[in-house]
Amino acid sequence: MPSKEKTITVLLADDHAMVRAGIHQFLERSGDIRVVAEAEDGVQAQDLIHQHQPDVAVLDIQMPRASGIDVTRWVRHNYPEVGVLILTAYDDDPYVLAVLQAGANGYVLKTASPQELIQAVRDVSDGKSVLDQAITQKLLRQLGARRETYQLEPLTGRELEVLSLTAKGFTNKAIGLQLGISDRTVQGHLAHIFNKMQAASRTEAVMRAVSLGWISQSVGDIHED
């Protein structure tokens, strides 16, 4: 259930006015989400994110002047506290991988139901990563097909424990409490994991570990601390 005390602010960027109008309408019907600004291109999205600093930026990939991928990189560099949710018709592997590497918190297809999008906005606002299930399975198959090309250094037992808890959606603090170690130590383990797995984010590391059979948990709501 949505919190009655918190209103999630959203920047909506899409170059199609009718699409923006429809998404705007059902997001605000949720009761806990408010669209504070709309952008019709990537540069305008950057300006409005700078002005409003919303909780979540909902971005299309293909936009004039700057793509959703470009805007995502810019947000991660300038406003890391702003969540980025990609909402697009594209499920092509290069787009998905580029968005994940740029640091997006979520990737949802425009075929998703209004309720699925609303929940994705809520999850991203809560610091979780969200991937459309069809995309998740597609990427896992793709990564699995590439597993023979990986030359990765094995993870230690402790690193596997940390990564498994990460895959279950635990925050750094919660992982530390589970394992009896400090938040800083958890951060250190994750840094080593990312380096060993050639991953830029928790989501990418978890998906790669699943594809390699190192952990069994599929990608779900992953906190990107």
Extension length gain for residue 194 and residue 81 (0.36 nm per residue less Cα distance), in nm, is 38.6 nm
Once residue 152 and residue 50 are pulled to full extension, the length gained, defined as 0.36 nm per residue separation minus their Cα-Cα distance, is 32.8 nm
Along the Cα-to-C-beta direction of residue 6, a point sits 7 Å from the Cα; which residues of the stretch 50-87 have their amide N less than 16 Å from that point?
-> 54-57, 81-85
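Taking 0.36 nm per residue of sequence separation and subtracting the Cα-Cα distance, how much length would be gained by fully extending the chain between residue 160 and residue 19, in nm to one decimal?
Values: separation 141, 0.36 × 141 = 50.76 nm, distance 4.24 nm.
Contour length minus the Cα-Cα distance gives 46.5 nm.
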Long-range amide H partners of residue 107 with built H, under 5 Å | 86, 130, 131, 132
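Do any of 168/196; 6/128; 110/168 go past 24 Å between their Cα atoms, and which?
Numbers: 168/196 20 Å; 6/128 17 Å; 110/168 26 Å.
Exceeds cut-off: 110/168.
Could you line up 197, 207, 18 from fewest to most neighbouring Cβ atoms inside 10 Å? Let's see the in-between values first.
Values: 197 22, 207 25, 18 8.
In order of increasing Cβ crowding within 10 Å: 18, 197, 207.
Taking square-rooted eigenvalues a ≥ b ≥ c of the alpha carbon gyration tensor, is the stretch 8-127 rounded, prolate or oblate, where a/c under 1.5 means rounded and, failing that, a/b exceeding b/c means prolate? It would help to have the intermediate numbers written out before the result.
Values: a/c = 1.27, a/b = 1.15, b/c = 1.11.
Because its axes are fairly even, with a/c under 1.5, the stretch 8-127 counts as rounded.
The numbers here are math on the coordinates, done by the rules we state, and not lab data. Quantities reported herein were computed from a predicted structural model and do not represent experimental measurements. Cβ coordinates were reconstructed from backbone atoms using ideal geometry, including for glycine residues, and neighbour counts include every protein chain displayed.
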